[in-house]
1. Hey, if we sort Val75, Val84, Val40 by accessible area with the 1.4 Å probe, largest down, what's the order?
2. Order the following by accessible area, largest value first: Leu91, Leu59. Probe radius 1.4 Å; ligands, DNA and RNA are ignored.
3. Under a Cβ-Cβ cut-off of 12 Å, what is the net charge of the residues other than Thr80 that fall near it, where Lys and Arg count +1 and Asp and Glu count -1?
4. Evaluate E = 1/(1 + (r/R0)^6) for Ala66 and Arg108, where r is the Cβ-Cβ distance and R0 equals 30 Å; express this FRET efficiency to the nearest 0.05.
5. Cβ under 13 Å from Val122's Cβ, Val122 left aside: what net charge do those residues give with Lys, Arg +1 and Asp, Glu -1?
6. Please give the length that would be gained between Asn79 and Val122 if that part of the chain were fully extended, namely 0.36 nm times their separation in residues minus their C-alpha to C-alpha distance (nm, one decimal).
7. Arg108 accessible area, nearest 10 Å², 1.4 Å probe?
8. Can you tell me which aspartates and glutamates have their Cα less than 16 Å from the Cα of Lys98? Leave out same-chain residues fewer than eight positions away.
Amino acid sequence: MKIRKNLAARTLGIGAAVAACLMLTSGVAEAGSFGPKAMVDVNGVKRGTAQFIANGDQLIVCDTRADGFAPKVSVYYANTDTLVWRVTANLGKGWCVKSSKNLGERTRYDFWATGLNQRLYVGTAG
């Protein structure tokens with residue numbers, strides 16, 4: 001009985017150590033990534049897409065309709081009105097605009113589809 005308890009304790013200890021190592025070594029740089037996410041108006045019409053890639057802090061905004069509306073994503077510090085970054089896909093249907101900005105890894109941000117009043121993501125950038 002004593003041998004089984006020791007074996008079980010060692011197994012649990014090794015499992016916990018492995019899990020901790022995996023958490024430390026697996027990068028968190030992708031934690032804040034999202035998309036591509038549809039940007040839709042109040043009628044459910046898709047106006048564009050937005051994608052954020054945490055590794056390199058890249059924001060990609062694409063126009064999906066020939067309707068004169070330029071999809072725009074605004075990034076704010078979370079729970080504030082302080083604008084950090086804005087990217088507009090203003091090249092027409094089928095075109096994307098890619099932009100990079102160095103965002104704080106532990107800072108929380110709100111990503112909004114401007115003009116559509118749609119929250120795309122809230123969380124850290126990394």
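1. Descending accessible area places them as Val40, Val84, Val75.
2. Ranked from most to least accessible, the order is Leu91, Leu59.
3. Neighbourhood net charge equals -1.
4. 0.25
5. +2
6. Extra length from Asn79 to Val122 when fully extended: 14.5 nm.
7. Accessible surface of Arg108 is approximately 130 Å².
8. The reachable aspartates and glutamates, counting only those whose Cα sits under 16 Å from Lys98, are Asp57, Asp63.
The values are calculated or read from the model by the stated rules, or taken from the named source; none is laboratory data. Since the model is a prediction, treat every value here as computed from it, not as a measurement. Every residue, glycine among them, receives a Cβ derived from its backbone with ideal geometry; neighbour counts consider all protein chains shown. Surface areas here come from the heavy atoms of the whole protein model, side chains and all, with no ligands, DNA or RNA. Shrake-Rupley method; radii C 1.70, N 1.55, O 1.52, S 1.80 Å.
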